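Student: The structure under discussion is supplied below as structure tokens; questions concerning it will follow.
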Amino acid sequence: MRAPFDPAWIWLPPVLGLAALLLVAAGGANRTLFLLLNHGGHALGAAFWLHLTMLGDGAIALALVLPCIRRAPRCFWAAVIAAVFAGLWTQFTKQCIDVPRPLAVFGAAEFFHAGPAYRQVSFPSGHAAAAFALAGIAVMGAAQRALTRWLALGLACLVGLSRIMVGVHWPIDVLWGMLGGWAGAWCGLALCGRLERTAAGAGTLAAGLVLLGLCAALLASRHIGIPSTLPLQRLIAGVCLVWGAWEIGAMPFPRHRRRAPGAAPVADVGPAPAAGRIADG
């Protein structure tokens, strides 16, 4: 059963995220909460969290957007805009605030760590920003059922949490990244308006070809750099490459007829009237 859209889906997640951020920062609980969560999630093992955290990688997130290029162009372009916004949000903050990573604060034996040994520019989490950008687009622009919205939010929360579990980000990094991703999704959807009603054009084709190239690169490379996640990386890349190519090939791109020099352009009058229909006089 479809649920009517409640505006609380727009403002409640970022309000809760901001409240949690302020509470953790004001209470000085960032490091304590990190250790508590990190130790608690260790029981699920490195493979579980590494595969989850891969879903927040920017290239993987963009690849996942490609299949909706024809069926949901508004969401497609909103995701592209959200990616730019979230990227700027993340990189600008990293340039302004250099927070050391957990590995530069704690000894390696004090917490669970997996993956690359990052030590600098922890704040904020780009993976959390990417995950919540996609979740925001799903919740605010695509999902018609409350269950789907909850699942999108839940998966984004797990991806953000995975950054703590693999030992590369603090809780405040994840919360600030969440805010950036959600804001990017809102901006993307607001700017795209009613893009569903517009015909496919050269810009859409160009964007689709770029993302096809990205999927091909993910399929052939070791982008994530973690051997255990390579099969899932290539599976996602392969599926999105084939699916995206199919969707692009099925798009109704406008065709321009060649006309003789000096001839007047012919207006597109739409489909011919059905048989038996009398034209207005």
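Student: If you take the residues in segment 90-100 that are polar (S, T, N, Q) and surrounded by fewer than 17 Cβ atoms within 10 Å (Cβ to Cβ), which one is farthest from the chain's Cα centre (by Cα)?
Tutor: Of the residues in segment 90-100, the ones polar (S, T, N, Q) are 90-91, 93, 95.
Retained after the next criterion (residues that are surrounded by fewer than 17 Cβ atoms within 10 Å (Cβ to Cβ)): 91, 95.
On the way: Q91: 16, Q95: 22 Å.
Top of the filtered list is Q95.
Student: Among the residues of segment 46-89, count how many are under 12 Å from G184 (Cβ atoms) and more than 13 Å from the chain's Cα centre (by Cα).
Tutor: Residues that pass the stated criteria total 2.
Student: Additional query: Taking the conditions exactly as written (modelled with pLDDT under 90, surrounded by 14 or more Cβ atoms within 10 Å (Cβ to Cβ) and closer than 19 Å to I81 by Cα), does A207 satisfy them or not?
Tutor: Working: modelled with pLDDT under 90: no; surrounded by 14 or more Cβ atoms within 10 Å (Cβ to Cβ): yes; closer than 19 Å to I81 by Cα: yes.
It is false that A207 is modelled with pLDDT under 90, surrounded by 14 or more Cβ atoms within 10 Å (Cβ to Cβ) and closer than 19 Å to I81 by Cα.
Student: Let me ask another. I'd like the full set of residues that are under 17 Å from the mean Cα position of the chain (by Cα) and of a type in the set (S, T, N, Q), limited to segment 217-253.
Tutor: Q233
Student: If a residue has to be in a helix (DSSP H, G or I) and either under 14 Å from M140 (Cβ atoms) or in contact with a helix residue (DSSP H, G or I) (Cβ under 8 Å, 6 or more places away or on another chain) (or both) to count, how many in segment 6-21 make the cut? Can you show your working first?
Tutor: At the first step, the residues of segment 6-21 found to be in a helix (DSSP H, G or I) are 8-21.
If we keep only those that are either under 14 Å from M140 (Cβ atoms) or in contact with a helix residue (DSSP H, G or I) (Cβ under 8 Å, 6 or more places away or on another chain) (or both) too, we end up with 8-14, 17-18, 20-21.
Residues meeting the conditions: 11.
Student: Related question: Checking A156 against (1) buried (at least 24 other Cβ atoms within 10 Å of the Cβ); (2) touching an Asp or Glu at 6+ places or on another chain (Cβ under 6 Å); (3) outside any loop (DSSP other than H, G, I, E, B), only one condition comes out false. Which one?
Tutor: A156 satisfies every listed condition except (2).
Here is a yes/no grid of residues against (1) under 22 Å from V15 (Cα atoms); (2) surrounded by 22 or more Cβ atoms within 10 Å (Cβ to Cβ); (3) at pLDDT below 95:
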residue: L55; (1), (2), (3): no, no, no
residue: A61; (1), (2), (3): no, yes, no
residue: P102; (1), (2), (3): no, yes, no
residue: H113; (1), (2), (3): no, no, yes
residue: A130; (1), (2), (3): yes, yes, no
residue: L134; (1), (2), (3): yes, yes, no
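Student: Let me ask something additional. Being more than 18 Å from A156 (Cα to Cα) and buried (at least 18 other Cβ atoms within 10 Å of the Cβ) is the requirement here; does V84 meet it?
Tutor: Considered against the rule, which asks whether it is more than 18 Å from A156 (Cα to Cα) and buried (at least 18 other Cβ atoms within 10 Å of the Cβ), V84 comes out as no.
Student: Ok, one more. For G107, state whether it is surrounded by 24 or more Cβ atoms within 10 Å (Cβ to Cβ) and either in contact (Cβ under 8 Å) with a residue 12 or more places away in the chain or over 16 Å from A20 (Cβ atoms) (or both). Steps first, please.
Tutor: Working: surrounded by 24 or more Cβ atoms within 10 Å (Cβ to Cβ): no; either in contact (Cβ under 8 Å) with a residue 12 or more places away in the chain or over 16 Å from A20 (Cβ atoms) (or both): yes.
The answer is no for G107.
Student: A further question on this structure: Keeping to segment 30-53, report how many residues are surrounded by 13 or more Cβ atoms within 10 Å (Cβ to Cβ) and either in contact (Cβ under 8 Å) with a residue 12 or more places away in the chain or touching a Cys at 6+ places or on another chain (Cβ under 9 Å) (or both).
Tutor: Initially, segment 30-53 is screened for residues surrounded by 13 or more Cβ atoms within 10 Å (Cβ to Cβ), giving 30-31, 33-39, 41-42, 46, 48-53.
Filter once more, keeping what is either in contact (Cβ under 8 Å) with a residue 12 or more places away in the chain or touching a Cys at 6+ places or on another chain (Cβ under 9 Å) (or both): 30-31, 33-35, 37-39, 41-42, 46, 49-53.
Of the residues in segment 30-53, 16 are surrounded by 13 or more Cβ atoms within 10 Å (Cβ to Cβ) and either in contact (Cβ under 8 Å) with a residue 12 or more places away in the chain or touching a Cys at 6+ places or on another chain (Cβ under 9 Å) (or both).
Student: Is it the case that some residue within segment 166-173 is in a helix (DSSP H, G or I) and surrounded by fewer than 24 Cβ atoms within 10 Å (Cβ to Cβ)? Before the answer, list the steps.
Tutor: We begin by selecting, within segment 166-173, every residue in a helix (DSSP H, G or I); these are 171-173.
Applying the additional criterion that residues be surrounded by fewer than 24 Cβ atoms within 10 Å (Cβ to Cβ) yields 172.
Checking segment 166-173: at least one residue is in a helix (DSSP H, G or I) and surrounded by fewer than 24 Cβ atoms within 10 Å (Cβ to Cβ).
Student: If you don't mind, another one. Test G203 against the criterion of being more than 17 Å from the chain's Cα centre (by Cα) and under 25 Å from I224 (Cα atoms), and give yes or no.
Tutor: No, not satisfied.
Student: Which of the residues that make up segment 220-249 are more than 27 Å from G201 (Cα to Cα) and in a helix (DSSP H, G or I)?
Tutor: Of the residues in segment 220-249, the ones more than 27 Å from G201 (Cα to Cα) are 220-235.
If the condition is that a residue be more than 27 Å from G201 (Cα to Cα) and in a helix (DSSP H, G or I), then A220, P227, S228, T229, L230, P231, L232, Q233, R234, L235 are the ones that fit.
Yes/no matrix, rows are residues, columns are (1) without any contact (Cβ under 8 Å) to a residue 60 or more places away in the chain; (2) under 14 Å from G56 (Cβ atoms):
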site	(1), (2)
A114	no, no
A117	yes, no
P124	yes, yes
A146	no, no
S162	no, yes
G184	no, yes
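The values are calculated or read from the model by the stated rules, or taken from the named source; none is laboratory data. It should be emphasised that the depicted structure is a prediction, and the values quoted were computed from it without experimental measurement. Please note: Cβ atoms are built from the backbone with ideal geometry, for glycine as well, and neighbour counts cover all protein chains shown.
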